[in-house]
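Q: My structure is below; once you've seen it, I'll send some questions.
The values are calculated or read from the model by the stated rules, or taken from the named source; none is laboratory data. Because the structure is predicted, anything quoted here is derived from the model rather than measured. Glycine also receives a Cβ, built like all others from the backbone with ideal geometry; neighbour counts cover every protein chain displayed.
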Amino acid sequence: MAARDLLGYLTGDLAEAREHRAAAFRAVSESVYAPQVSRVLVGLADLALRYERYAQAARLLGAAAGVLGLPDRAQPDVARIEDAVRRRLGDEGFAEAAREGAAADWRELAEVTLAG
């Protein structure tokens with residue numbers, strides 16, 4: 001799971017990134033281990049950001065925080081993605097989308113992101 005997540009981050013090819021992120025999602029889709037789920041959701045937020053789907057990226061960050069019970073500041077990508085999304089959506093837009101994500105089913109958010 002971690003290797004596929006990392007490969008999704010490292011590749012410049014979006015189709016290949018989606019493939020790696022999908023594999024990481026499949027690996028944790030039945031997991032109850034919150035840190036792994038959160039890591040994959042942050043990776044999917046990165047993918048959404050790369051596709052310029054800013055509200056979806058914010059929702060995924062919200063879902064990742066919801067899974068853990070608090071924002072995951074151990075992952076440096078969280079701050080990078082959050083900053084980029086806030087620049088596009090503004091503080092209120094980001095906060096609203098993140099709240100939506102925290103209240104949503106994280107599996108559904110992931111599937112929507114991977115579907116394109």
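Q: Considering only the range 30-49, how many residues are surrounded by fewer than 16 Cβ atoms within 10 Å (Cβ to Cβ) and touching a residue at least 12 places away in the same chain (Cβ under 8 Å)?
A: Summing the residues that are surrounded by fewer than 16 Cβ atoms within 10 Å (Cβ to Cβ) and touching a residue at least 12 places away in the same chain (Cβ under 8 Å) in the range 30-49 gives 2.
Q: Tell me, which residue of the range 52-81 that is touching a helix residue (DSSP H, G or I) at 6+ places or on another chain (Cβ under 6 Å) and charged (D, E, K, R) is farthest from VAL40 (Cα to Cα)?
A: In this case the residue turns out to be ARG59.
Q: Looking for something in a helix (DSSP H, G or I), touching a Lys or Arg at 6+ places or on another chain (Cβ under 8 Å) and surrounded by fewer than 14 Cβ atoms within 10 Å (Cβ to Cβ) - is there at least one such residue anywhere in the range 68-89?
A: yes
Q: So which of ALA15, ALA22 is in contact (Cβ under 8 Å) with a residue 60 or more places away in the chain, in a helix (DSSP H, G or I) and among the small types (Gly, Ala, Ser)? Working first, answer last.
A: Details: ALA15 fails: in contact (Cβ under 8 Å) with a residue 60 or more places away in the chain.
Among ALA15, ALA22, only ALA22 is in contact (Cβ under 8 Å) with a residue 60 or more places away in the chain, in a helix (DSSP H, G or I) and among the small types (Gly, Ala, Ser).
Q: If you don't mind, another one. Would a scan of the range 25-44 turn up a residue that is modelled with pLDDT of 95 or more, out of contact with any strand residue (DSSP E or B) (no Cβ under 6 Å at 6 or more places or on another chain) and charged (D, E, K, R)?
A: Scanning the range 25-44 turns up no residue that is modelled with pLDDT of 95 or more, out of contact with any strand residue (DSSP E or B) (no Cβ under 6 Å at 6 or more places or on another chain) and charged (D, E, K, R).
Q: At pLDDT 95 or above and within 17 Å of GLU52 (Cα to Cα): does that describe GLU100?
A: No.
Q: Only residues that are part of a loop (DSSP other than H, G, I, E, B) and of a type in the set (Lys, Arg): list them for the range 28-67, please. Full working, then the answer.
A: Step one: list which residues in the range 28-67 are part of a loop (DSSP other than H, G, I, E, B), which gives 29-33, 51-53.
If the condition is that a residue be part of a loop (DSSP other than H, G, I, E, B) and of a type in the set (Lys, Arg), then ARG53 is the only one that fits.
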